[in-house]
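Just so you know, all these numbers are worked out from the coordinates, no wet-lab data involved. Model, not experiment: these values are computed from the prediction. Ideal geometry is used to build each Cβ from the backbone, glycine not excepted, and the neighbour counts take in all protein chains shown.
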Amino acid sequence: MAQQLVAAGETVVDVQPKLGSRVRLLATGNVNKNDPNDARSVAIAALRSKDLRPVVAEDHAAVLKLWSKRRRDLGSLRTQVVCRLHAVLCDLVPGGHPKKEITAAQAARALDALEPVGAVAQARYELAIDFLADLRRIDAQMAETKKRLEVAVKASGTTLTEIFGVGPYVAATVIGYVVDVARFADGDRFAAYNGTAPIEVSSGGHKVFRLSRRGNRRLNHAVHMVAVTQVVHRHSEGRPYYDRKLKEGKTNKEALRCLKRRVSDAIFARLVADAKRKGESSKAGPGGQRGNGSVSSVAGSHPERQLFGQATPGPAATIRPRPSRTRLEAPVQAQKKSRKAS
């Protein structure tokens with residue numbers, strides 16, 4: 001969903017669409033979605049919200065996000081083509097292909113060994129050839145995208161790739177979605193953003209924590225990939241920690257969640273170090289926005305006092321003209337004159 005922009009003097013800030021939508025839903029007046037109502041809701045959100053970021057020029061983070069998304073889209077497309085190729089091979093080869101994962105070379109060897117008989121088998125064989133061509137084309141595109149990702153990540157100067165399990169794709173995903181690490185006041189805020197911090201669902205004196213489904217799911221998947229890679233390789237730094245959690249009585253999933261939180265802290269530390277080294281970090285108050293102080297940069301409001309003001313301002317106060325003094329004193333003066341005359 002596209003971001004909405006609000007200009008206040010010389011400052012332009014991003015207003016997330018959900019903020020404007022929240023104001024509109026809380027309104028007591030007209031809540032229909034149209035341009036005038038949207039503009040009013042965005043303006044109110046910009047006035048009261050404390051989570052706004054000033055608009056800055058796009059840098060290497062946008063480039064990394066674009067190529068990481070391209071890599072992810074190609075991976076989804078490849079999975080789709082492989083599944084369709086598997087389905088056709090099941091009709092051509094008794095029992096289908098023996099392996100769950102199939103490469104272009106394996107599919108080519110399987111098709112070379114076939115001799116289709118009949119019009120139906122010939123049509124399936126030709127369809128499998130087309131799927132094989134699509135698979136080879138996607139593999140070539142993924143290889144080219146990987147090279148561009150490596151070049152872009154190297155040009156960014158990040159040290160994320162020094163963490164075990166973090167490759168160009170994971171590093172590009174993290175940088176692309178984080179953009180500015182100063183958005184987060186500490187590692188706990190960052191863990192809450194990427195969904196690795198558990199949520200407390202306590203009742204009374206019984207404290208219970210459950211898995212968080214909130215946060216940026218792309219970042220959560222990137223952290224998950226790093227944690228799984230460290231668990232698979234016994235010489236990694238995360239494997240001893242994972243084994244120690246298992247000895248404490250935790251299940252495999254619980255131990256993996258603990259490791260994901262440790263990975264999140266390591267990623268945050270690297271991002272902060274990179275920002276300091278480049279001189280891009282700046283002081284940020286609670287809320288973590290770059291350059292955000294105790295006074296809002298939009299309209300001079302105090303965002304720490306309230307998130308939103310009145311969603312829909314009530315009717316303006318009617319100022320009635322004050323009655324004239326002569327009109328009020330006229331009857332009194334008439335009564336005084338009549339008393340003197342009597």
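Below is a table of values for the structure above.
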{"quantity": "Kirkwood hydrodynamic radius of region 113-168, Cα pairs, Å", "calculated": "14.5"}
{"quantity": "Filtered chymotrypsin sites (Phe, Trp or Tyr not before Pro), region 95-196: DSSP coil and at most 16 other beta carbons within 10 Å", "calculated": "Phe164"}
{"quantity": "Distance violations [Cα-Cα > 32 Å] among Lys147/Lys245; Lys147/Lys276; Lys99/Lys245", "calculated": "Lys147/Lys245; Lys99/Lys245"}
{"quantity": "Calculated from backbone phi, Karplus (6.51, -1.76, 1.60) coupling profile of region 69-81 in Hz, x at Gly/Pro", "calculated": "5, 4, 5, 5, 5, 5, x, 5, 5, 5, 4, 5, 5"}
{"quantity": "Estimated dipole of region 58-156 in Debye, rounded to 20 [Cβ of Lys and Arg +1, of Asp and Glu -1, Cα centre]", "calculated": "460"}
{"quantity": "Residues Ser76, Ser68, sorted so that the one with the fewest Cβ neighbours within 10 Å comes first", "calculated": "Ser76, Ser68"}
{"quantity": "Projected-area average for region 190-231 over all orientations - Cα convex hull basis, square nanometres", "calculated": "3.5"}
